[in-house]
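Visitor: Could you have a look at this structure, given as structure tokens, before my questions?
Taken together, the values in this text are just the output of simple stated rules run on the coordinates, not laboratory data. Not measured: the values here are computed from a predicted model. Note: ideal-geometry Cβ built from the backbone for every residue, glycine included; neighbour counts use all protein chains shown.
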Amino acid sequence: MSANRYFIERERNNVDHYNYYYFDNVFTEDELTKIHNTASMYPKVAATVVGESEEVSDYRKSTVIWIPDENRNTWLYDKISELANIANTNMWNYEIWGYNDALQYTIYEGNGGHYDWHADLGPSISNRKLSCVLQLSDADEYEGGELQLNNGAGAVNIGKKKGRIVFFSSFVLHRVTPVTKGTRMSLVTWLSGRNLR
């Protein structure tokens with residue numbers, strides 16, 4: 001008896017899991033300034049990469065500030081959640097329960113700050129489904145620092161527009177190219193759910 005007999009036939013669709021969804025002009029200048037001011041209230045630490053343990057590595061050169069989910073930051077968590085729900089409904093329709101990590105304010109300095117090709121999944125972060133990046137710096141404030149996705153056909157630039165917030169599947173390879181001048185700041189987070197389904 002074929003094992004295929006036990007699979008339940010389900011409706012198929014043509015979801016492009018390697019595509020991305022973005023919004024422009026959904027954060028005001030005052031809100032973007034508020035994000036910078038909020039980040040300044042928390043400690044800055046060297047960014048790490050996740051492997052068998054979290055460690056500082058040449059693979060990633062940046063500093064981060066973790067913005068916790070507390071009352072004064074509820075507006076930001078809520079706003080990103082609303083946008084994530086719109087993006088997910090229109091693009092992927094993943095089962096998502098919400099945040100499993102704090103918001104990460106990331107700083108890439110012009111001394112080669114970067115994050116090489118990686119996915120946002122791993123042994124201790126297997127429930128991430130949607131990754132989110134909000135551009136916080138004006139494009140003319142830095143050189144390099146391109147956020148790129150790799151859909152299997154090569155690198156795709158997401159663009160440097162300040163205030164652009166992009167969502168993509170957490171298993172998609174992506175990177176930030178080296179910043180050669182100035183400073184690039186962004187806000188990063190992930191939306192999680194049950195094992196990928």
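Visitor: Based on the Cβ-Cβ distance from ASP140 to ASN19, what FRET efficiency comes out when R0 is 22 Å, to the nearest 0.05? Don't jump to the answer; show the numbers that get you there.
Guide: Details: r = 28 Å, r/R0 = 1.28.
Step by step, r from the Cβ atoms, then E = 0.20.
Visitor: Could you list, in their original order, any pairs among LYS61/LYS161; LYS34/LYS61; LYS44/LYS162; LYS61/LYS181; LYS34/LYS162 whose Cα atoms are separated by more than 19 Å?
Guide: LYS61/LYS161; LYS34/LYS61; LYS44/LYS162
Visitor: When a footprinting reagent is the concern and you count Cβ atoms within 10 Å, what order do THR183, THR177, THR106 take, fewest first? Mind showing how you got there, number by number?
Guide: Details: THR183 15, THR177 18, THR106 21.
Listed from fewest to most nearby Cβ atoms, that is THR183, THR177, THR106.
Visitor: Another question, then. What's the angle, to the nearest 10 degrees (0 to 90), between helix 74-91's Cα axis and the longest principal axis of the chain?
Guide: Its long axis makes an angle of about 40 degrees.
Visitor: Between GLU95 and SER126, what length comes free when the chain is fully extended (0.36 nm per residue of separation minus the Cα-Cα distance, one decimal in nm)?
Guide: Working: separation 31, 0.36 × 31 = 11.16 nm, distance 1.39 nm.
9.8 nm is the gain from fully extending GLU95 to SER126.
Visitor: Rank TYR105, TRP75, TYR94 by how far each Cα sits towards the positive end of the charge dipole of the chain (+1 on Lys, Arg Cβ; -1 on Asp, Glu Cβ) and give me just the farthest.
Guide: Result: TYR94, furthest along the dipole toward the positive end.
Visitor: Counting other beta carbons within 10 Å of each Cβ, put LEU149, LEU130 in order, fewest first.
Guide: Going from least to most buried by this count: LEU149, LEU130.
Visitor: Amide H neighbours of VAL172 under 5 Å, at least 5 residues apart or on other chains, H built in the peptide plane: list them.
Guide: Result for VAL172 returns ASP120.
Visitor: Quick check on region 39-163: take the gyration tensor over C-alpha atoms, sort the square-rooted eigenvalues as a ≥ b ≥ c, and tell me if it's rounded (a/c under 1.5), prolate or oblate. Can you show the working numbers first?
Guide: Working: a/c = 1.23, a/b = 1.14, b/c = 1.07.
Since a/c stays below 1.5, the shape of region 39-163 is classed as rounded.
Visitor: Just subtract the alpha-carbon distance of ILE86 and TRP66 from 0.36 nm times their residue separation and send over the number in nm, one decimal.
Guide: My answer for the length gained is 4.7 nm.
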